[in-house]
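To start, the structure itself, in structure tokens.
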Amino acid sequence: MFTKSVDFDKNNANTITQRRKNMKKSLTVLCAALFIQTVAFADSTPSNILNTTATAKEISYDCQSLAWNLAAANKGDVEAQYQVGMKYFNGEEVQADQKLAQQWLKIAAEHNHAQAQYRLATIAELGLMGAKNETEAFQWYLKAANQGDAKAQFKVAQAYQSGTGIAQDQLQAQQWLQKAAQAKHPLAQATLAKL
């Protein structure tokens, strides 16, 4: 009777292991299908309707697990560093940890990841991880703006116009507003149309 129980436990363990493998394969297939569908949708949808700048590479990182992104981030993959920061920031697959989020976002931002720079600027501007710091926010917005990020260009224009985080400079505000409008930022375009 004891022998049958041991055999049952081995069979049960093998079944559970096989189910886990099958679930992992299914999850991988679903993730790949989602990625392919997203890319197909993005390729077939006019850009003015989709209104996104996400690349296929960025979408694939979103679909990866925290463990995969963390391994890639530790090897110096800047997009993975950003994704790890965002997973900690949003509490995706891990308990939210603002300190770790900020550390990973800063690593990516220092390697010229415009989205990480923009996120750090927003965190500093709104005081999401401590006191508001308008000067720090401006510096991160400026770094992202210099890389062509239209949202950051608009924020830099606003900062120069109001003197928030930087000395007021209407000429700089106008120049950054024009850059943002040329990059198709809707609020920049609307603001220029009113002038």
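Where a number appears in this text, it was derived from the coordinates with a stated rule and is not lab data. Model, not experiment: these values are computed from the prediction.
Quick look at the values:
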read-out: Potential lengthening between Ser162 and Ala190 on full extension [0.36 nm per residue; Cα-Cα distance subtracted]; value: 8.3 nm
read-out: Entries in Lys99/Lys143; Lys75/Lys184; Lys87/Lys132 that, when Cα-Cα distance is taken, lie over 31 Å; value: Lys75/Lys184
read-out: Dimensions in Å of the range 121-195 - Rg and Dmax from alpha carbons; value: 11.9, 37
